[in-house]
Amino acid sequence: MKQFLNIVMYEYRMSTLRWSYWVGLVILTVPYIISMVVPGDNDVALNSLSDQELWRTAGSIVHQLNILLPLLCGILLADRLVRDSRLGTLELIRSTPLSRRRYLLAKYGGVLLSGLSLPLINLFIITLLLPFSGASFVLALKIAGMMLAAFVIIVVPAYAFITIFALACPLVMPIRVYQVLFTGYWFWGNFLNPKKFISLSGTYLRPDGVFALGSIFGSTNSIGAAQYQLSDVLINWIVLAACIVFVFVMLERYLAWRQREA
């Protein structure tokens, strides 16, 4: 267990201590955060909202973070397992008591935590800035709790889904090719209107959290979000989880095959 946790923490540290990680975070999130705290013509005072409206607002805030930040995560973290393969770390695992499956799980956990840190940092900053939007201290804490719940419901499944592909796909294709393909997929598979374009955005393979946004949070901010039911959320989570498990198993089998062929 100690080896497992050491790998998780090492991977988290190595993933987050890169300048591109923080530069990308600033570029993608500063405009969004500024737009939240600078009052607009149509803004409504937070203190005047009911709990239901606050819940809907919290879901919308978190879902907005799920538009571009996962794209940054998928691009930045695409080299984590390829790097180990290039440096021979995977071969060293065979000389330790840690199995290949547990190593991959620890690697996945560290990369996932580093990716999830991006939206968490944003939510922390947003919470600190809520008083500038007219929220009292107590109301800011209430909204923060709602946003944390939305983080678990909307953000975590999306990042769990893209992280496993960020680890696996660059092993079978050049990293730059994967990054370009992933960028195209993220917009094509999540944000195109399926009634006008052939897209995965109308299927349960959509990982951006719109099903939960429409069903659990009752938001209508996204195309068709209001039409979803709780059953859609559960099916969406099951489909995403099945994809994660499938890719993880295929990744482990692929590395086993490479070791046999070496």
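Over 5 Å intervals from 0, what percent of Cα-Cα pairs in the range 103-156 sits in each interval?
Answer for the range 103-156: a P(r) of 5, 19, 23, 19, 14, 9, 6, 4, 2, 0 percent.
What list of ³J(HN,Hα) couplings, whole Hz, do you get for the range 150-163 from phi and the Karplus terms 6.51, -1.76, 1.60, once you set θ to phi - 60° and write x for glycine and proline?
Per-residue couplings from phi come out as 5, 4, 5, 7, 9, 7, 4, x, 5, 6, 4, 6, 6, 5 Hz.
Under the definition of Cα pairs under 8 Å and six or more residues apart, what whole-number percent is the relative contact order of the chain?
Averaging sequence separation for qualifying contacts and normalising by length gives 25 percent for the chain.
Give a residue-ordered list of calculated ³J(HN,Hα) values for the range 17-29 (Karplus: 6.51 cos²θ - 1.76 cosθ + 1.60, θ = phi - 60°; whole Hz; x for Gly, Pro).
8, 10, 4, 5, 4, 7, 5, x, 4, 5, 4, 7, 10
Going by average Cβ neighbours within 10 Å, how do the peptides 192-199, 175-182 rank, with the highest at the top?
Final packing ranking: 175-182, 192-199.
Give me P(r) over the chain, computed from all C-alpha to C-alpha distances, binned every 5 Å, as integer percentages.
All Cα pairs, binned at 5 Å, distribute as 1, 6, 12, 16, 17, 15, 13, 9, 6, 3, 2, 1, 0, 0 percent.
Any chance you could run the full-extension gain for residue 231 through residue 148? It's 0.36 nm times the residue separation minus the Cα-Cα distance, nm to one decimal.
27.7 nm
So what are the ³J(HN,Hα) numbers for the range 116-126, from phi and the Karplus equation (6.51, -1.76, 1.60; θ = phi - 60°), rounded to whole Hz, Gly and Pro as x?
5, 5, 4, x, 5, 4, 4, 5, 5, 5, 4
Can you work out D for the range 120-251 in µm² s⁻¹ from Stokes-Einstein, where Rh is the Kirkwood radius over C-alpha pairs, the temperature is 4 °C and the viscosity is 1.567 mPa s? Please list the in-between numbers first.
Numbers: Rh = 16.5 Å.
The calculation lands on 79 µm²/s.
How high is the relative contact order of the range 126-262, in percent, counting Cα pairs under 8 Å that sit 6 or more residues apart?
Worked out over the range 126-262, it gives 21 percent.
Suppose each label sits 7 Å from its Cα in the direction of the beta carbon; what would the residue 49-residue 204 distance come out to in nanometres?
Inter-label distance under the simple model: 3.1 nm.
Each reported figure results from applying straightforward, stated rules to the coordinates on display, with no laboratory input. What you are looking at is a predicted structure, and each value in this text was computed from that prediction instead of being measured. As a convention, Cβ positions derive from the backbone with ideal geometry for all residues, glycine included, and neighbour counts pool all protein chains shown.
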